[in-house]
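Below is one structure, written out as structure tokens; the observations come after it.
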Amino acid sequence: MQRRTRRQYTAEFRAEAVRLVLEQKVALAEVARRLELPAKSLANWVRAARAGKRVDEHRVHPVSELEAENTRLRAENTRLKMERDILRKATAYFAKDAL
């Protein structure tokens, strides 16, 4: 029988994921898919943020510096992809109007 390991997320990663949902207005399911995390976990983080609660930091296990950097870069990459997609849509919209 194979054991599944639970992924641990840094507080910074959780905050960035919640920010995408609450401030950027990206659908919860879309953020969960892009960041490769369970939608239920993200929903719990968003619910806690809306209630004004901080995510329990004692539940976050220490991660190596490399893992933290990898998490930060994944979140930045996701944000940049969304910005790129917005710019593509805007370009197509304005190019259509110019014709």
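Aspartates and glutamates within cross-link reach of K25: Cα-Cα under 14 Å, excluding same-chain residues under 8 positions apart?
Straight-line reach from K25, under 14 Å: E16, E83.
Would you calculate the separation in nanometres between label points at L73 and E23, each defined as 7 Å from the Cα along the Cα-to-beta-carbon direction?
Reported label-point gap for L73 and E23 is 2.3 nm.
Using the crude model of +1 on Lys and Arg Cβ and -1 on Asp and Glu Cβ, and no other charge, please compute the dipole size for segment 11-98 relative to its Cα centre, in debye to 20.
440
Across segment 21-37, in residue order, what do the Karplus-derived ³J(HN,Hα) couplings come to in whole Hz, using 6.51 cos²θ - 1.76 cosθ + 1.60 with θ = phi - 60° and x for Gly and Pro?
These are the phi-based 3J(HN,Hα) values: 6, 7, 8, 7, 6, 7, 4, 4, 5, 5, 5, 4, 5, 5, 8, 6, 9 Hz.
Could you order peptides 85-95, 30-40, 12-22 by the average number of other Cβ atoms within 10 Å of their residues, highest first?
Details: 85-95: 9.9, 30-40: 14.8, 12-22: 19.5.
Final packing ranking: 12-22, 30-40, 85-95.
Can you give the extra length, in nm with one decimal, that the chain gains between A51 and A98 once fully stretched, where that is 0.36 nm per residue apart less the Cα-Cα distance?
That works out to 12.3 nm of additional length.
From the phi angles alone, apply the Karplus equation (6.51, -1.76, 1.60; θ = phi - 60°) to segment 5-18 and give each ³J(HN,Hα) in whole Hz, x where the residue is Gly or Pro.
Once rounded to whole Hz, the list reads 9, 7, 6, 10, 10, 6, 4, 5, 4, 4, 5, 5, 5, 5.
Values quoted throughout were computed directly from the atomic coordinates according to the rules given, and no laboratory measurement underlies them. All values reported here derive from a predicted model rather than from experimental measurement. Using ideal geometry, Cβ is built from the backbone for each residue, glycine included, and neighbour counts are taken over all protein chains shown.
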